[in-house]
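S.K.: My questions will all concern the structure given below.
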Amino acid sequence: MNQLSKASPWHPPWRAAGLLALALLATGSAWAREPLTLAQALQAAWTRSLESTEAQGRQRRAEADRQLAASWLAAPPSVAVSQREGRGAQSGQRETELGLAAPLWRPQQREANGQSAQAEAEWAAAAEQAARLRLAGQLRELAGRLQLLQAEAQQAASQQQLLDQVAADVERRVKAGDLAPADGLAARAEALAAAGQQRELAQSLAQARSAWLLLTGLQQVPEAESPAMVTPEPDRQPERHPDLQLAEAAVTRASLRLAQVRSQRSAPPELGVGVRQERPGQGQPGQNSVTLSLRIPLGSDTHSRPQLAAALAEQDLALSHKLRLQRQLQADAQLAREALAAAEAQAGAEQQRASLLRQRAQWLDQAFKAGETSLPELLRALAAAAQADASAARQQAAQALAVARLQQALGLIP
């Protein structure tokens, strides 16, 4: 039995289940460690947004317009039933008529309706992309604020830890008689001030995380990307900006809608087919007949002028909006490039300044421990270094946000 069990290649069921559970846990942990991208956050926010529901409604309406334009009839058909009976001397006479009326398309009216429906569908798709871009802008701004607050919170935590160490060192030297009790109070006050600042930043960070959760439904926040990895090309122009595509689609839609209104200035003609049955009465044989009719409404420009004027006004407004939007997008892109250049230069300068002040604070800390400088001088140096580090962190976040704003100005959707 022992030899057989040793030679057996299979494992007990509980052991196989345990190995499978460990593998699933390892896979889940690997997935949990994967960083969240802005594209994933945008998709999560889009599914929760009102714009998504509105976009679906526009698409359904455009599909309904396409189906209507593909129909062979301009309107639903109608059925007419009538019956007449004789009285008095004509008693016994009866006439029954059953007819079907089918509205027909006017020449080129069906083609105009089909083109207008297709333009409506393209406008709906462009409107969805423009709405996604606006939502991406909200995510970029909120993610930039979160990254800024996280950087400031980390700097505040480091500063509090350093000041706690200084306060502990000062208290030890006060007890030893090397420093005055006033120095101990000053060091402890600085540590308490740093703790208060850290709590304020933690509260602001919690509020920003709550806004992110409300917008996306996600706890995780995208990590800050390297500006060199995400900066668009310097000479890229916003020709394919979703807002500009939406404006172009609006111009096309307005032009085709104007053509549609011009093609249907009156009610559609109706083709009628009917069957008539006549019974003269008094023993005479009945008579059956088939009727074919064509009803053509006599329309004029007077009745279609309001719709025509509205279509012309919509076309003029769409053209004006497109021209104005082109100039605005070019100006926004240029301003975003200038802001990014300024943020890059400022980030480099703040980084150098923070490095210098941090080195100075380290030297003064060594001098203070050696008894060669005073506590106020050390506290001033530490405060200056902390402010410089916080400013450098803010400028790094501002540089990343400037990159995101340039992407937004160029109409880049994650």
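The values are calculated or read from the model by the stated rules, or taken from the named source; none is laboratory data. Here the structure is a predicted model, which is why all the values come from computation and not from measurement. Backbone-built Cβ (ideal geometry, glycine too); neighbour counts: all protein chains shown.
S.K.: Can we say residue 166 is touching a Gly at 6+ places or on another chain (Cβ under 6 Å), assigned to a helix (DSSP H, G or I) and in the same structural domain as residue 390 (by TED's automatic domain parsing)?
M.R.: Spelling it out, it is not the case that residue 166 is touching a Gly at 6+ places or on another chain (Cβ under 6 Å), assigned to a helix (DSSP H, G or I) and in the same structural domain as residue 390 (by TED's automatic domain parsing).
S.K.: Is it the case, given these coordinates, that residue 179 is in a helix (DSSP H, G or I), of a type in the set (A, V, I, L, M, F, W, C), surrounded by 14 or more Cβ atoms within 10 Å (Cβ to Cβ) and in the same structural domain as residue 387 (by TED's automatic domain parsing)?
M.R.: no
A quick yes/no check of all residues on (1) closer than 30 Å to residue 40 by Cα; (2) part of a helix (DSSP H, G or I):
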| position | (1), (2) |
| --- | --- |
| 61 | yes, yes |
| 66 | no, yes |
| 75 | no, no |
| 97 | no, no |
| 105 | no, no |
| 116 | no, yes |
| 125 | yes, yes |
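S.K.: Within segment 209-246, how many residues turn out to be at pLDDT 80 or above and either crowded, with 19+ Cβ neighbours inside 10 Å or not aliphatic (A, V, I, L, M) (or both)?
M.R.: 15
S.K.: A follow-up question, please. If you check every pair at least six apart or on different chains, which have Cβ atoms under 8 Å apart with a residue in segment 174-185 that is within 12 Å of residue 374 (Cα to Cα) first and a residue that is loosely packed, with under 11 Cβ neighbours inside 10 Å and not hydrophobic (A, V, I, L, M, F, W, C) second?
M.R.: Note: pairs meeting the criteria are 178/371.
S.K.: Another one. Do you know which residues across segment 94-134 are over 35 Å from the mean Cα position of the chain (by Cα) and among the aromatic types (Phe, Trp, Tyr)?
M.R.: Scanning segment 94-134 gives a single hit, 105.
S.K.: Consider segment 35-82. How many of its residues are in contact with a strand residue (DSSP E or B) (Cβ under 9 Å, 6 or more places away or on another chain) and of a type in the set (Lys, Arg)?
M.R.: 0
S.K.: Say whether the condition of being buried (at least 16 other Cβ atoms within 10 Å of the Cβ), modelled with pLDDT under 80, of a type outside the set (Val, Ile, Thr) and more than 30 Å from residue 211 (Cβ to Cβ) is met by at least one residue in segment 45-65.
M.R.: no
S.K.: If you don't mind, another one. Given the criteria closer than 25 Å to residue 77 by Cβ and either under 33 Å from the mean Cα position of the chain (by Cα) or crowded, with 19+ Cβ neighbours inside 10 Å (or both), does residue 137 qualify?
M.R.: Criteria not met by residue 137.
S.K.: While we're looking at this one, here's another question. Please determine whether any residue of segment 298-309 is surrounded by 12 or more Cβ atoms within 10 Å (Cβ to Cβ), under 35 Å from the mean Cα position of the chain (by Cα) and under 30 Å from residue 240 (Cα atoms).
M.R.: No, segment 298-309 contains no residue that is surrounded by 12 or more Cβ atoms within 10 Å (Cβ to Cβ), under 35 Å from the mean Cα position of the chain (by Cα) and under 30 Å from residue 240 (Cα atoms).
S.K.: Report, by residue number, each residue of segment 83-125 that is among the small types (Gly, Ala, Ser) and either in contact with a Leu (Cβ under 7 Å, 6 or more places away or on another chain) or modelled with pLDDT of 80 or more (or both).
M.R.: 99, 101, 102, 112, 114, 116, 117, 119, 121, 124, 125
S.K.: Got a sec? Which of 336, 318, 390, 383 is closer than 30 Å to residue 258 by Cβ, touching a residue at least 40 places away in the same chain (Cβ under 8 Å) and touching a helix residue (DSSP H, G or I) at 6+ places or on another chain (Cβ under 8 Å)?
M.R.: After ruling out the rest, the residue left standing is 318.
S.K.: Give the residue, chosen from 330, 315, 387, that is within 42 Å of the chain's Cα centre (by Cα), assigned by TED's automatic domain parsing to the domain that holds residue 169, at pLDDT below 85 and not acidic (Asp, Glu).
M.R.: Of 330, 315, 387, the one residue that is within 42 Å of the chain's Cα centre (by Cα), assigned by TED's automatic domain parsing to the domain that holds residue 169, at pLDDT below 85 and not acidic (Asp, Glu) is 387.
S.K.: Scan 74, 80, 70 and give me the residue that is surrounded by 14 or more Cβ atoms within 10 Å (Cβ to Cβ) and either over 32 Å from the mean Cα position of the chain (by Cα) or at pLDDT 50 or above (or both).
M.R.: Sole residue among the options that is surrounded by 14 or more Cβ atoms within 10 Å (Cβ to Cβ) and either over 32 Å from the mean Cα position of the chain (by Cα) or at pLDDT 50 or above (or both): 74.
S.K.: Has segment 144-156 got at least one residue that is in contact with a helix residue (DSSP H, G or I) (Cβ under 7 Å, 6 or more places away or on another chain) and modelled with pLDDT under 80?
M.R.: Within segment 144-156 (the criterion being in contact with a helix residue (DSSP H, G or I) (Cβ under 7 Å, 6 or more places away or on another chain) and modelled with pLDDT under 80), the answer is yes, since at least one residue qualifies.
S.K.: Report the residue count in segment 366-378 for those that are part of a helix (DSSP H, G or I) and free of Cβ contacts under 8 Å to residues at least 40 places away in the same chain.
M.R.: Of the residues in segment 366-378, 4 are part of a helix (DSSP H, G or I) and free of Cβ contacts under 8 Å to residues at least 40 places away in the same chain.
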